[in-house]
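Only one structure is covered here, and it is reproduced in the block below.
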Amino acid sequence: MKPNKILIKNAHIVNEGVIFNGDILIEGEYIKEVSDSISAKSSDVFVIDAEGKYLLPGAIDDQVHFREPGLTKKATIETESKAAIAGGITSFIEMPNTNPQTTTIEKLEEKFEIASQTSSANYSFMFGGTNDNLDEVLKVDANNVAGLKLFLGSSTGNMLVDDSKVLEKIFKSTKLLISVHCEDEATVTKNFQEHLDKFGEDIPVKYHPIIRSEEACYLSSSKAIKLAQKTGARLHVFHLSTGKETSLFSNKIPLKDKKITSEVCIHHLWFSDKDYDKKGTLIKWNPAVKTEEDRAQLWEALLDDRIDVIATDHAPHTLEEKKNVYTKAPSGGPLVQHALPAMLEMHHKGKISIEKIVEKMCHNPAILFQVEKRGYIKEGYFADLVLVDLNNPWTVKKENILYKCGWSPFEGTTFRSRITHTFVNGSLVYQNSKFNDVKAAKRLTFNRS
């Protein structure tokens with residue numbers, strides 16, 4: 001039986017740009033009290049001594065592909081949400097390119113039902129827009145669903161929206177937050193054909209960022225932004241991969257007032273095109289991992305707040321699939337278990353503060369999607385919390401990878417920071433590499449007028 005009251009003592013609490021030593025009292029699903037010192041006033045309080053550890057809000061990952069329904073040989077909501085919990089991600093927003101695709105209200109609710117039965121983390125889903133489902137898009141309740149996802153470049157699942165009149169109509173008609181995958185299809189198709197003619201099916205993977213080029217990304221992102229400016233739509237551009245695209249975004253107003261926002265993913269901050277020789281198709285993503293200069297500019301834009309959110313684009317495939325030749329190897333890789341440790345490693349290297357990590361992975365997704373009572377360590381908020389030991393090294397190996405696909409692009413990497421405890425809605429669901437058999441996850445709600 002789970003305790004109704006949990007007292008976390010002596011933690012380095014990270015919240016809203018500051019770190020302070022203190023205690024947190026959890027009562028039921030909520031944070032009851034945050035203070036310099038709280039004493040356990042009764043014997044029914046379960047006390048955790050967090051001396052030397054950092055307490056963060058649970059991360060909110062605004063872009064994952066958990067593959068259920070239909071692609072469950074790669075992953076399920078159950079397996080990947082457990083991996084997320086072990087990685088300190090307590091809430092996720094999942095994408096519509098499953099099988100069948102989430103392009104009707106009926107299919108959307110079926111996914112919510114699966115998650116309600118099997119998810120370890122809090123959950124919501126994106127509704128998928130296509131060239132011919134505007135009527136369904138307009139039925140979606142903005143208070144109950146994370147938003148609308150549009151693929152402006154083809155990727156896994158082929159949900160390409162390539163009719164410009166339809167696209168403008170969607171932008172004009174919906175009040176949903178519109179998230180977009182931006183790569184110009186004509187540019188990618190032309191580049192791909194040129195490389196296919198030169199190399200045949202086995203194109204060296206190092207050409208992936210030439211095929212899915214800077215130009216392809218910038219053309220599509222700039223077009224989407226112009227359309228949002230013209231129609232007044234609320235636009236969120238997923239997974240920026242080029243330095244050039246960062247010039248399209250602003251840091252001049254607070255995030256809550258922005259109509260056009262952006263995201264960067266872990267792999268575009270960690271890897272560069274120099275890694276293709278060693279990692280091959282394991283780091284084949286759409287959009288592609290690009291140059292060291294692109295990576296440096298993405299970091300610059302992240303730190304100066306032109307980029308608002310860090311996410312994973314967690315997108316597992318089986319190792320057998322990934323080991324195919326370039327033209328047959330799918331794009332995407334698993335990341336939720338290792339995203340926060342990777343960012344904390346970047347903190348150790350002096351690239352980013354812990355406060356900034358929390359801003360970009362916890363606070364800002366909550367602001368951007370208007371998630372209700374999550375993403376912060378505040379009294380009255382849901383107790384989604386993560387305890388981290390910054391000096392407890394571990395190495396990513398096959399035996400400690402929790403993804404159903406069983407592999408990670410981080411295999412062999414040693415991280416200095418370890419997630420020791422994860423709380424979801426006040427329940428201790430993960431502790432010292434073990435899961436507690438507690439059903440605590442909830443459907444995300446959104447505070448939208």
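Six or more apart or on different chains, Cβ atoms under 7 Å: show the pairs whose first residue is in the range 292-310 and open to solvent by 60 Å² or more (accessible area, probe 1.4 Å) and whose second is modelled with pLDDT of 95 or more and in a helix (DSSP H, G or I).
Matching pairs, first to second residue: E292/K274; E293/G243; L303/K356.
Please report, ordered by residue number, the helices (runs of 4 or more DSSP H) entirely within the range 288-357 with at least 2 residues that are charged (D, E, K, R) and at pLDDT 95 or above.
292-303, 319-322
Is it true that some residue in the range 197-211 is at pLDDT 95 or above, open to solvent by less than 10 Å² (accessible area, probe 1.4 Å), touching a helix residue (DSSP H, G or I) at 6+ places or on another chain (Cβ under 9 Å) and within 23 Å of L148 (Cβ to Cβ)?
Looking for residues that are at pLDDT 95 or above, open to solvent by less than 10 Å² (accessible area, probe 1.4 Å), touching a helix residue (DSSP H, G or I) at 6+ places or on another chain (Cβ under 9 Å) and within 23 Å of L148 (Cβ to Cβ), one finds none in the range 197-211, hence no.
From D23, D36, which residue is free of Cβ contacts under 8 Å to residues at least 24 places away in the same chain, open to solvent by 20 Å² or more (accessible area, probe 1.4 Å) and acidic (D, E)?
Only one candidate qualifies: D36.
Does G406 satisfy the condition of being in a loop (DSSP other than H, G, I, E, B), over 17 Å from the mean Cα position of the chain (by Cα) and not hydroxyl-bearing (S, T, Y)?
Numbers: in a loop (DSSP other than H, G, I, E, B): yes; over 17 Å from the mean Cα position of the chain (by Cα): yes; not hydroxyl-bearing (S, T, Y): yes.
Considered against the rule, which asks whether it is in a loop (DSSP other than H, G, I, E, B), over 17 Å from the mean Cα position of the chain (by Cα) and not hydroxyl-bearing (S, T, Y), G406 comes out as yes.
Can you tell me which residues in the range 350-366 are open to solvent by 10 Å² or more (accessible area, probe 1.4 Å) and among the charged types (D, E, K, R)?
Answer for the range 350-366, where residues must be open to solvent by 10 Å² or more (accessible area, probe 1.4 Å) and among the charged types (D, E, K, R): K351, E355, K356, E359.
Regarding F125, is this residue in contact with a helix residue (DSSP H, G or I) (Cβ under 7 Å, 6 or more places away or on another chain), open to solvent by less than 50 Å² (accessible area, probe 1.4 Å), in contact (Cβ under 8 Å) with a residue 24 or more places away in the chain and among the aromatic types (F, W, Y)?
yes
Taking S222 as meeting all but one of (1) surrounded by fewer than 19 Cβ atoms within 10 Å (Cβ to Cβ); (2) over 25 Å from the mean Cα position of the chain (by Cα), write down the number of the exception.
(2)
Among the listed residues F369, F415, F382, F410, identify the single one that is of a type outside the set (V, I, T), touching a residue at least 40 places away in the same chain (Cβ under 8 Å), surrounded by 18 or more Cβ atoms within 10 Å (Cβ to Cβ) and more than 30 Å from R212 (Cβ to Cβ).
Among F369, F415, F382, F410, only F382 is of a type outside the set (V, I, T), touching a residue at least 40 places away in the same chain (Cβ under 8 Å), surrounded by 18 or more Cβ atoms within 10 Å (Cβ to Cβ) and more than 30 Å from R212 (Cβ to Cβ).
Residue-by-condition table, conditions (1) touching a helix residue (DSSP H, G or I) at 6+ places or on another chain (Cβ under 7 Å); (2) modelled with pLDDT under 95; (3) surrounded by fewer than 24 Cβ atoms within 10 Å (Cβ to Cβ):
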position: R67; (1), (2), (3): no, no, no
position: G70; (1), (2), (3): no, no, yes
position: A75; (1), (2), (3): no, no, no
position: S81; (1), (2), (3): no, no, no
position: A84; (1), (2), (3): no, no, no
position: G87; (1), (2), (3): yes, no, no
position: S91; (1), (2), (3): no, no, no
position: M95; (1), (2), (3): no, no, no
position: T104; (1), (2), (3): yes, no, yes
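Tell me the residue from L235, L160, L177, L150 that is in contact with an Asp or Glu (Cβ under 7 Å, 6 or more places away or on another chain) and surrounded by 14 or more Cβ atoms within 10 Å (Cβ to Cβ), please.
The unique qualifying residue is L160.
The values are calculated or read from the model by the stated rules, or taken from the named source; none is laboratory data. All of these numbers come straight from a predicted model, not from anything done at the bench. Don't worry about glycine lacking a Cβ; one is built from the backbone with ideal geometry, like all the others, and counts go over all protein chains shown. Protein only, heavy atoms only, side chains kept; ligands, DNA and RNA dropped before computing areas. Shrake-Rupley method; radii C 1.70, N 1.55, O 1.52, S 1.80 Å.
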